[in-house]
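Written below as structure tokens is the structure these notes are about.
Just so you know, all these numbers are worked out from the coordinates, no wet-lab data involved. The structure presented is a predicted model; accordingly, all values stated were derived computationally and were not measured.
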Amino acid sequence: MNKLLLTLALLASAGVVRAQEYIPPPIVAPAPWQPFNYQLDEELAARGHRNKIAGAVLIAAGSLVLAAGQGLVIWAGTHNDAGMIAGGAVTAFAGLVMNLIGIPVYVVGGSQVKRARHHLRASASGLRLEF
């Protein structure tokens with residue numbers, strides 16, 4: 001009998017007791033899209049563009065000279081000409097040096113063009129990033 005009364009009491013109170021209702025957080029709309037205002041540093045961008053062109057020319061010419069030197073070494077090797085092998089090796093080395101110089105020049109030029117958009121300038125109040 002006690003079990004029955006306890007069960008009825010628990011069932012009767014179940015309708016009265018409810019879990020706390022979930023209230024979702026308010027929806028906040030994001031700020032409207034606004035285009036980014038770039039201010040290009042013309043001098044730095046021009047210097048970077050010149051460096052990119054110089055680097056590209058060095059890479060292209062170095063690749064051609066390297067290929068010509070390797071071709072000369074291969075051709076001279078089949079004809080057993082030691083002088084031509086040495087000349088081809090020097091030519092290939094010159095092309096390799098041109099490539100190795102052209103790659104960093106091109107990368108620095110690209111960095112300068114990119115940095116021209118976000119140029120850090122010194123002013124009387126300290127450093128400030130201008131966009």
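Structure summary
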quantity: Derived scalar couplings ³J(HN,Hα) [segment 70-75; Karplus, 6.51 cos²θ - 1.76 cosθ + 1.60; whole Hz; x for Gly, Pro]; calculated: 5, x, 5, 5, 5, 5
quantity: Cα shape, segment 21-119, gyration tensor, a/c 1.5 rule; calculated: prolate
